Amino acid sequence: MTNPPTLTEAEPRLLIPTRVDPMVLARRMPHGHVVDIGGATMGTRWSARLVLIDRSAADAVHLAMERELATIVAEMSTWEPASLISRFNAAPAGGWFTLPERFFTVLTTALAIAEASDGAFDPTAGALVDLWGFGPHAIDHLPDDDAIAAALARTGWQTIEIDHEARRARQPGGVSLDFSGIAKGYAVDRLSGVAREAGIANHLIEIGGELRGEGVKPDGQPWWVELESHPEIESDNVRAALCGLCVATSGDYRRHHDVGQNRLAHTIDPRTGRPAARGIGSASVMAVDCMTADAEATVLSLLAPEAALAYADRRGLAARLLVSSDCDGNEMFSAPARAMLDA
């Protein structure tokens with residue numbers, strides 16, 4: 001999130017939802033106060049901006065949100081040896097796991113996006129994530145072709161068998177799930193759910209740059225947030241009105257590490273087993289839920305620019321792409337995003 005620009009700064013371009021629930025303004029609280037809470041989670045920070053009449057009500061919501069985040073980490077963090085995902089990854093071949101609702105929702109959504117993207121997004125890419133040093137263990141040298149081939153052999157979303165009726169999944173053997181491309185977005189949605197359950201209709205949730213805005217501020221304005229820019233790509237300032245809308249960004253600048261003279265971007269292409277080739281430097285996706293926005297932004301960051309734009313249009317995704325390779329311009333908008341610019 002960024003502060004509103006001063007009058008001397010260039011006016012940003014605006015992305016406005018094409019449809020807004022008419023009850024949103026009816027739930028406006030002109031005498032409310034914006035109360036900020038937050039903390040640490042998932043290797044980053046979380047925050048919530050809550051519109052409240054009674055500021056003291058924030059304490060109970062803060063505790064409820066911390067509990068929700070702790071549950072998600074206990075289920076989905078590969079950095080926790082005792083987590084459900086770590087136990088699934090260590091299980092022998094053929095074992096079935098009955099899954100809690102949160103985990104099952106994330107897994108089945110991830111598998112659906114893996115199918116839609118022809119494997120550009122793959123929740124079974126944990127072996128590749130670990131191989132390139134983006135899991136719990138650092139590396140001091142680049143993996144060789146044999147190591148990459150071995151990790152690819154343990155990757156494949158089609159190998160996960162799902163029993164929807166019993167809400168369970170089968171470990172095919174040696175497959176490592178990794179939800180790093182979707183779990184933060186899901187957690188944003190869950191914190192928004194905690195706020196709504198507490199009767200707080202107007203709020204803005206953020207975890208590590210993934211955001212969800214519901215309702216409006218006390219003055220009736222939506223939650224305006226600027227889309228992330230790329231430090232090496234010239235682009236306009238773009239501001240989105242998060243009013244029943246989420247935004248997530250995936251970019252080659254957001255997380256990386258150096259191995260010798262090599263700078264590795266955190267986004268691993270599960271189709272090749274290697275870090276994503278440069279092309280799209282940043283992909284921002286706006287959607288009604290942050291879990292979808294998070295995963296689809298990852299997909300777009302792995303595709304070539306024209307293929308990414310075609311995918312976004314086919315999937316009906318409002319997306320903004322910042323392109324680092326040679327093409328016509330540094331900034332591209334999908335058709336749904338262009339409709340928002342014209343709203």
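The values are calculated or read from the model by the stated rules, or taken from the named source; none is laboratory data. Predicted model, so just to flag it, every value in this text is computed and none were measured. Please note: Cβ atoms are built from the backbone with ideal geometry, for glycine as well, and neighbour counts cover all protein chains shown.
Please work out which residue is modelled with the lowest pLDDT, limiting yourself to the range 302-330 and to residues that are among the acidic types (Asp, Glu) and over 20 Å from Leu245 (Cβ atoms).
Asp328
Within the range 116-130, work out how many residues are in contact (Cβ under 8 Å) with a residue 60 or more places away in the chain and either assigned to a helix (DSSP H, G or I) or surrounded by 23 or more Cβ atoms within 10 Å (Cβ to Cβ) (or both).
7
Condition check: buried (at least 19 other Cβ atoms within 10 Å of the Cβ), touching a residue at least 60 places away in the same chain (Cβ under 8 Å) and touching a strand residue (DSSP E or B) at 6+ places or on another chain (Cβ under 6 Å). Does Trp96 satisfy that?
no
Determine whether Gly215 is farther than 22 Å from Ala339 by Cβ, at pLDDT 95 or above and buried (at least 24 other Cβ atoms within 10 Å of the Cβ).
So Gly215 fits the description; yes.
Out of everything in the range 76-103 that is outside any loop (DSSP other than H, G, I, E, B) and closer than 21 Å to Arg196 by Cβ, what residue ends up being nearest to the chain's Cα centre (by Cα)?
This residue is Arg102.
Check the range 25-33 and report whether any residue there is farther than 23 Å from Glu226 by Cβ, at pLDDT 95 or above, not hydroxyl-bearing (Ser, Thr, Tyr) and not in a helix (DSSP H, G or I).
Yes, there is a match, as at least one residue in the range 25-33 is farther than 23 Å from Glu226 by Cβ, at pLDDT 95 or above, not hydroxyl-bearing (Ser, Thr, Tyr) and not in a helix (DSSP H, G or I).
Only one residue in Ala293, Ala248 is at pLDDT 95 or above, part of a helix (DSSP H, G or I), touching a strand residue (DSSP E or B) at 6+ places or on another chain (Cβ under 6 Å) and within 23 Å of Asp178 (Cα to Cα), so which one is that?
Selected residue: Ala293, the only one of Ala293, Ala248 that is at pLDDT 95 or above, part of a helix (DSSP H, G or I), touching a strand residue (DSSP E or B) at 6+ places or on another chain (Cβ under 6 Å) and within 23 Å of Asp178 (Cα to Cα).
Could you tell me which residue of the range 131-167 is farthest from the chain's Cα centre (by Cα), considering only residues that are within 24 Å of Ala293 (Cα to Cα) and part of a helix (DSSP H, G or I)?
Gln158
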